[in-house]
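Values in this text are rule-based calculations from the coordinates and carry no lab data. All values reported here derive from a predicted model rather than from experimental measurement. All Cβ positions, even for glycine, are placed from backbone atoms using ideal geometry, and neighbour counts span all protein chains on display.
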Amino acid sequence: MSIYIDITKKLGSFYLESQLEVGKEKLGILGGSGCGKSMTLKCIAGIITPDKGEIILNDKILFSSKKNINLIPQKRNTGLMFQNYALFPNMTVSQNISLGITNKTSIEKKNIVKSYLDLFKLQDLENRYPSQLSGGQQQRVALARIMAKSPDILMLDEPFSALDAHLRFSIENEFSEALNKYNGTVIYVSHSIDEVYKFCDSTAIMHNGRIFEKNTTKHIFKGPTTLEGAKLTGCKNISPIKKMNQNSILALDWGITFNIDNTVHDDIKYISFRETDISISNLCKNKNSFELSILRIKQSPFNTILELLPANATNVDSNKIICKYSKDEANNIINMQNPGKLYGSVKKDNILLLK
Amino acid sequence: MSIDFSPLIISIKTSLVAVFFTFILGIVAARTLMNVNSKVQWILDVIFTFPLVLPPTVVGFILLVIFGKNSAIGSFLSKIGMSIIFTWQATVLAAIIVSFPLMYRAAKGAFEQIDTNLIWAARTLGLSEFKIFIKIMIPLALPGIISGAILAFARALGEFGATLMIAGNIPKVTQTIPLAIYFANAAGKTKEAGFWTLIIIVISLIVLGIMNYWSVKDKKIMRGGDAK
């Protein structure tokens with residue numbers, strides 16, 4: 001159970017250069033809109049033909065520019081769930097689900113459809129039309145329809161983007177359960193950090209048509225190694241660096257020198273830390289502490305965002321550091337500021353060095 | 001005033017037979033167009049729409065040139081003992097040609113409105129192109145196709161110019177209602193012309209009624225069919 005993709009495709013000024021190898025796992029492709037993540041899925045499904053390269057699914061060549069192979073979508077046996085679910089409006093739930101099942105007698109078909117109706121909790125809805133279903137129900141029908149034909153790979157294109165935010169939360173568990181019934185390679189495309197973190201075993205970072213890094217989801221979120229990875233997993237504080245010596249670097253935007261335990265490799269270009277990883281006190285604890293002042297206080301419903309300006313910073317807007325605290329913590333820090341100076345520090349473990 | 005009802009029968013028969021062919025040809029033409037590249041598409045679209053913008057007499061004249069005794073097709077047909085010009089078949093031919101663009105454009109519009117994701121979803125589910133056409137495209141485009149067919153019927157019923165050119169005005173053979181009106185009026189039989197006019201108005205009202213019924217149904221299907 002695996003898929004190997006190595007393709008290029010030029011579309012106007014956009015250049016897709018997708019390289020991936022996915023085993024029997026749930027891979028999330030995280031990227032902004034227009035980064036080429038949906039396009040990659042469409043290339044695998046046979047909707048878009050790449051210019052060059054290879055797509056091999058379980059030893060079956062779906063596409064190969066060298067060998068001049070380009071299977072039609074019907075022969076690829078992939079399962080692609082569209083962003084808008086693409087349910088056939090003129091067919092009932094049962095008809096939608098049974099449509100993709102081939103090479104089966106009508107009794108076998110009925111049984112398969114029935115088992116998926118049960119599995120996805122759609123028993124009472126079998127004779128309804130898609131327009132008579134809620135968004136979450138439509139989503140389950142779409143997934144059932146694809147899984148009923150036992151595809152060799154399951155691809156989900158932003159499965160939650162068509163749903164309201166409050167609805168998303170309530171159906172996530174059901175969706176996750178349904179998804180776990182599939183035993184094979186899953187590619188889950190999304191721009192949502194939350195979804196990828198919740199649903200996927202591993203994560204690939206995609207930006208501007210390229211895949212920058214791929215690792216287990218935990219690793220990617222704990223310690224992205226590329227600038228794109230840091231940005232897409234939600235790092236707000238990123239600064240270019242200058243390497244001072246083997247173990248110390250200067251963050252250029254902030255004018256702060258950081259001491260690093262390990263040797264800093266030459267390909268490291270940026271430093272970053274998350275908005276929750278900075279601790280503030282009015283003591284200069286160690287040599288990794290740096291003086292700062294509060295620039296702006298922003299209230300969000302359950303947190304307070306502090307925009308901090310390091311003492312050595314030169315440009316107020318581009319050199320700020322953004323931190324997120326609970327309301328209480330933030331009040332403590334704001335009170336500390338009045339009697340004296342503030343010092344921030346970041347644990348060495350939480351410092352991300354980026355290529 | 002004794003009325004000969006043959007124009008009514010000829011008109012209805014001609015329109016129905018013509019629409020039968022137009023219906024199939026229009027749908028096939030619209031579907032075929034989706035499979036070819038955009039240049040060919042443009043050229044075919046112009047050709048398929050041409051009879052709509054050309055004056056009917058011009059269509060009639062072109063048909064005369066194509067099917068006349070001196071043309072290749074015409075002489076071939078006369079060799080095998082067939083003749084089109086000045087027969088009832090000619091009224092059907094004229095009606096097909098002038099009503100075809102309406103059917104074709106309606107079907108094309110209806111197909112184009114289908115969410116392409118549905119077609120691609122069907123392909124990835126493994127459905128053959130033929131099955132997709134029959135099970136998804138036709139049902140989803142049906143309201144548009146039906147109203148196209150009704151319009152085509154109305155157009156076929158009203159055809160005058162091309163019919164006169166290639167079928168002539170032969171009573172009980174090629175004399176349709178529009179021809180009957182023209183020649184009755186020209187002969188000073190105002191009452192007869194008025195009678196046929198009334199008949200045409202009644203038929204047109206019925207056609208419009210059916211069209212409106214379908215467009216309401218169309219909206220219902222679209223509302224029921226919104227999968228987003």
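A few comments on the model shown:
- Backbone amide hydrogens, once placed in the peptide plane, bring A:PHE14 within less than 5 Å of nothing, excluding anything fewer than 5 places away on its chain.
- Likely footprinting exposure, B:TRP88, B:TRP196, fewest C-beta neighbours within 10 Å first: B:TRP88, B:TRP196
- Here the calculated FRET efficiency for A:PHE169 and A:GLN83, from their Cβ-Cβ distance with R0 = 30 Å, stands at 0.95, rounded to the nearest 0.05.
- Sites listed here are chymotrypsin sites (Phe, Trp or Tyr not before Pro) in region A:294-355 whose DSSP assignment is loop and whose Cβ has at most 11 other Cβ atoms within 10 Å: A:PHE302.
- Space enclosed by the convex hull of the alpha-carbon atoms of region B:30-99, per residue, Å³: 116
- Cβ crowding within 10 Å ranks A:SER289, A:SER326, A:SER239 as A:SER326, A:SER289, A:SER239, fewest other Cβ atoms first.
- Fluctuation leader among A:ASN103, A:ASN70, A:ASN303 - chain A, Gaussian network, Cα springs under 10 angstrom: A:ASN103
- DSSP-loop trypsin sites (Lys or Arg not before Pro) across region A:79-115, with at most 16 other Cβ within 10 angstrom: A:LYS104
- Among the listed pairs A:LYS110/A:LYS149; A:LYS222/A:LYS242; A:LYS214/A:LYS348, those beyond 20 Å (Cα-Cα): A:LYS222/A:LYS242; A:LYS214/A:LYS348
- Those aspartates and glutamates that a straight Cα-Cα span of less than 18 Å connects to A:LYS236, excepting residues fewer than 8 apart in one chain: A:ASP194, A:GLU228, A:ASP253, A:GLU275, A:ASP277, A:GLU307, A:ASP317, A:ASP349
- Distant alpha-carbon pairs in chain A (separation over 27 angstrom), percent: 56
- Helix A:327-337 vs. chain A, principal-axis angle (Cα, 0 to 90°, nearest 10): 20
- Net charge, A:THR257 excluded, C-beta distance under 10 Å - Lys, Arg +1, Asp, Glu -1: +2
- The C-alpha atoms of chain A define a longest principal axis, and helix A:135-148 lies at about 60 degrees to it.
- Contact order relative to length of region A:214-355, as percent, for alpha carbon pairs under 8 angstrom and 6 or more apart: 29
- Residues within the reach of a label modelled at A:LYS242 (point 7 angstrom out along Cα to beta-carbon, backbone nitrogen below 15 Å), restricted to region A:308-334, are A:312-315.
- In this structure, the amide hydrogen of A:ILE211, modeled 1.01 Å from its nitrogen in the peptide plane, lies closer than 5 angstrom to those of A:GLN19, counting only residues at least 5 positions away or on a different chain.
- q = 0.11, 0.13 Å⁻¹: log10 I(q)/I(0) that the Debye formula gives for region B:98-172, counting C-alpha atoms only: -0.42, -0.52
- Qualifying trypsin sites (Lys or Arg not before Pro) for region B:1-88 [loop in DSSP, other Cβ within 10 Å: at most 11]: B:LYS69
- In terms of surrounding Cβ atoms within a 10 Å radius of their Cβ, A:CYS35, A:CYS284 rank from fewest to most as A:CYS284, A:CYS35.
- Two-site FRET efficiency, A:ASN335 against A:ASN312, from Cβ-Cβ distance with R₀ of 35 Å, rounded to 0.05: 0.90
- Residue of B:SER204, B:SER128, B:SER75 that the Gaussian network model of chain B assigns the largest fluctuation, springs spanning Cα pairs under 10 Å: B:SER128
- Options A:SER272, A:TYR4, A:ALA162, ranked by Cα towards positive dipole end of the protein assembly as shown, top entry (Cβ charges): A:TYR4
- Screening chain B for whole DSSP H helices with an alpha carbon extent of at least 15 angstrom along the helix axis and a mean Kyte-Doolittle hydropathy of at least 0.5 yields B:6-35, B:38-53, B:56-67, B:88-112, B:138-158, B:190-224.
- For region B:6-222, convex hull volume per residue from C-alpha positions, Å³: 136
- Rounded to 5, percent antiparallel among DSSP beta bridges of chain A: 75
- Of B:LYS69/B:LYS172; A:LYS320/A:LYS347; A:LYS52/A:LYS355, pairs whose Cα-Cα distance is over 26 Å: A:LYS52/A:LYS355
- Among B:ALA72, B:ALA180, B:ALA94, the residue with the largest mean-square fluctuation in a Gaussian network model of chain B, with springs joining Cα atoms closer than 10 Å, is B:ALA72.
- Interchain or long-range residues, amide H under 5 Å from A:LYS52's placed H: A:THR8
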